[in-house]
Amino acid sequence: MTILTTTSLADPDLAIVLGDLSAHQDRWPNPSETALSIEVADSTLAQDRKVKARVYAHASIPCYWIANLIDGQLEVHSEPSGPSQTPGYPKVEILQMGDVVPLIISGHEVARLDVQSLLP
């Protein structure tokens, strides 16, 4: 699903968007409606870590995950800087097979997912 930011159209591999699906029939979701953006990365890993992370952080998307297929890990980026000279996610947690990642939506943990179930 494409997300309309103030600077671009972000196109994550997967996104969790808040609200009713019918609200997005005629328009792209805004960053404020996006709880989580996910990229599945192999050949795009460097771009996902740098370019896409800056786009999502600038848009204040609260959480950004990279399913890093090269290293077999999940990279969880949080606490976005929002619009700034160098937007980014200062908090990055690297989770391995056997770890559990909390799924946080609107500041609330709604599920706990095994990293193993998220990676091939």
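The values are calculated or read from the model by the stated rules, or taken from the named source; none is laboratory data. Predicted model, so just to flag it, every value in this text is computed and none were measured. All Cβ positions, even for glycine, are placed from backbone atoms using ideal geometry, and neighbour counts span all protein chains on display.
For region 54-68, does any single residue satisfy the condition of being of a type in the set (S, T, N, Q) and either loosely packed, with under 15 Cβ neighbours inside 10 Å or assigned to a loop (DSSP other than H, G, I, E, B) (or both)?
yes
Pick out the one residue from Arg49, Arg112 that is under 14 Å from the mean Cα position of the chain (by Cα) and at negative phi.
Only one candidate qualifies: Arg49.
Which one of the conditions (1) surrounded by 12 or more Cβ atoms within 10 Å (Cβ to Cβ); (2) over 18 Å from Asp13 (Cβ atoms) does Ser37 fail to meet, given that it meets all the rest?
Tallying (1) surrounded by 12 or more Cβ atoms within 10 Å (Cβ to Cβ); (2) over 18 Å from Asp13 (Cβ atoms), Ser37 fails exactly one: (2).
Take the residues of region 81-99 that are under 16 Å from Lys52 (Cβ atoms) and among the β-branched types (Val, Ile, Thr): which is modelled with the lowest pLDDT?
That would be Thr86.
Condition check ((1) part of a loop (DSSP other than H, G, I, E, B); (2) among the aromatic types (Phe, Trp, Tyr); (3) loosely packed, with under 12 Cβ neighbours inside 10 Å; (4) in contact with a His (Cβ under 9 Å, 6 or more places away or on another chain)) across all residues:
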site: Ser22; (1), (2), (3), (4): no, no, yes, no
site: Ser32; (1), (2), (3), (4): no, no, yes, no
site: Lys50; (1), (2), (3), (4): no, no, yes, no
site: Ile70; (1), (2), (3), (4): yes, no, yes, no
site: Glu75; (1), (2), (3), (4): no, no, no, no
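Which residue pairs have Cβ atoms closer than 8 Å, lie 6 or more positions apart in sequence or on different chains, and pair a first residue in region 42-53 that is touching a residue at least 24 places away in the same chain (Cβ under 8 Å) with a second residue that is in a loop (DSSP other than H, G, I, E, B) and acidic (Asp, Glu)?
Once the first residue is touching a residue at least 24 places away in the same chain (Cβ under 8 Å) and sits in region 42-53, no partner that is in a loop (DSSP other than H, G, I, E, B) and acidic (Asp, Glu) comes close enough.
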